[in-house]
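Chemist: Let me give you the structure first, and then I'll get to my questions.
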Amino acid sequence: MSRRGWVLGSLGGAVGLAAAGTAIGLLREQRLVSRRAGEAVAFGSLRSTPHTVVADDGVPLHVEIDEVDEADVARRPWTRGTGKGRTPQVTVVFVHGYCLNLDCWHFQRAAYRGLVRTVYYDQRSHGRSGRSDRAHATIDQLGRDLKHVIDTAAPDGPVVVVGHSMGGMSIVAMAEQFPEMIGEKVVGVGLVSTTAGGLDPSRILVPLVPARLGGTVARRAVSTLQRGHLTVDRARKVGRLIGMMATQRFAFGGEVPQEYVAFVDEMLAATPFEVVADFFPHFESLDKFHTVEHLGSVPVSVICGTADRVTSIGHSRKLHSRIPDSRLLECEGAGHMVALERHDRVNAELDQLITAATDHASTR
């Protein structure tokens, strides 16, 4: 697929391709089956053998890899051929956001399991990964962590990276520090509900602190974290019902099943407030829009909900305008957790991205 073809391809065009039995058609067929499976399987129950990747500062990162059967891969039309004419198998690395964990990719994991080799990991201090010291709780360190995960968990073959919120920032940080990765190792990028700078960090705080700690008080709670983080954690537990209401409002754009809200709220509540505060200062100082143009050498999908109250749609539109030939998917009325709330549309766009990236890898 040419870069121009990637830009001009529409959803309707993709359906036509599906009828012709192309890669996107097979991806879409599998996605529709897996979507039903994802809805039937409990959140947080999709697991695979855990691996540990040790970051450059010694923090252990929890990694899970969903492999595919190599014999099955060899039979697929888009991986047939030999030598230079053979399209390589792509690994997709999913990078979660602030105060979440790898389980947030539930519907994407269900959609691609058994079809595409995928890697999921908990960012430092999140989920089942080890705790970082405050000095290394930075966006730049997350970029180095991502490179280390790719080098260790996907050493062979091309990679597509997909990041949500802080996970997208991790991708941009990696691209800034290791520009040679883009086009050589990384052949596709998905940026979901994220930004490269200009973020108002007060938007992030609301679902993460007790309701009575609003505005200036919340900022003060962050700045005095070492003295008060245990108190804040206790208050979060007591105010759980109010916290659920905040999660509903700030994570989603409209009505969603209550289990979606509970799932996100559990991930937020499981993140110690000390971790919240360790990373918090780095969102306000983030300024990496100067580096995103480099991503345009590979297929890029930018995805966001128009009702995102954390990283508003303007951030995604700015990314799209700065990344040559990128695609922009705006999900009308969806919020920050668009990959859950509109998982069918997000997965359809990722279908397009993975197929375009595979074609890009085959032409290098």
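Chemist: Provide the gained length on full extension for the span Asp200 to His51, in nm with one decimal, where the gain is 0.36 nm per separating residue minus the Cα-Cα distance.
Modeler: Going from the current span to full extension adds 50.1 nm.
Chemist: Could you list Arg144, Arg109 so that the one with the fewest beta carbons within 10 Å of its beta carbon is first and the one with the most is last?
Modeler: Arg144, Arg109
Chemist: With a 10 Å Cβ neighbour count serving as the proxy for reagent exposure, in which order, fewest first, do Asp133, Asp66, Asp325 appear?
Modeler: Listing Asp133, Asp66, Asp325 from fewest to most nearby Cβ atoms yields Asp133, Asp325, Asp66.
Chemist: Now a separate question. Mean projection of the alpha-carbon convex hull of the stretch 287-350 over all orientations, in nm²?
Modeler: For the stretch 287-350, averaging the hull's shadow over all directions gives 4.2 nm².
Chemist: Which of Tyr121, Tyr112 has the fewest other C-beta atoms within 10 Å, and how do the rest follow up to the most?
Modeler: By the 10 Å Cβ count, ascending: Tyr112, Tyr121.
Chemist: Using 1/(1 + (r/R0)^6) with R0 = 35 angstrom and r between the beta carbons of Thr152 and Arg317, what's the FRET efficiency to the nearest 0.05?
Modeler: The pair Thr152/Arg317 has a calculated efficiency of 0.50.
Chemist: Along the Cα→Cβ direction, 7 angstrom out, place labels at Arg131 and Glu266. What is the inter-label distance in nm?
Modeler: Going by the 7 Å Cα→Cβ label model, 2.3 nm.
Chemist: For Cys331, what residues show an amide H to amide H distance below 5 Å, using hydrogens built from the backbone and excluding near sequence neighbours?
Modeler: Close amide H contacts, sequence-distant or interchain: Cys304, Gly305, Thr306.
Chemist: When Lys and Arg each count +1 and Asp and Glu each count -1, what net charge do the other residues less than 9 Å away from Pro50, Cβ to Cβ, add up to?
Modeler: Every neighbour counted, the sum reads +1.
Chemist: Find how much the distance from Glu70 to His290 grows on full extension, using 0.36 nm per residue of separation minus their present alpha carbon separation; answer in nm with one decimal.
Modeler: Extra length from Glu70 to His290 when fully extended: 75.2 nm.
None of the figures in this text is laboratory data; all of them are computed from the coordinates on show. Note that the coordinates shown come from a computational prediction; the quantities given were computed from them, not determined experimentally. Please note: Cβ atoms are built from the backbone with ideal geometry, for glycine as well, and neighbour counts cover all protein chains shown.
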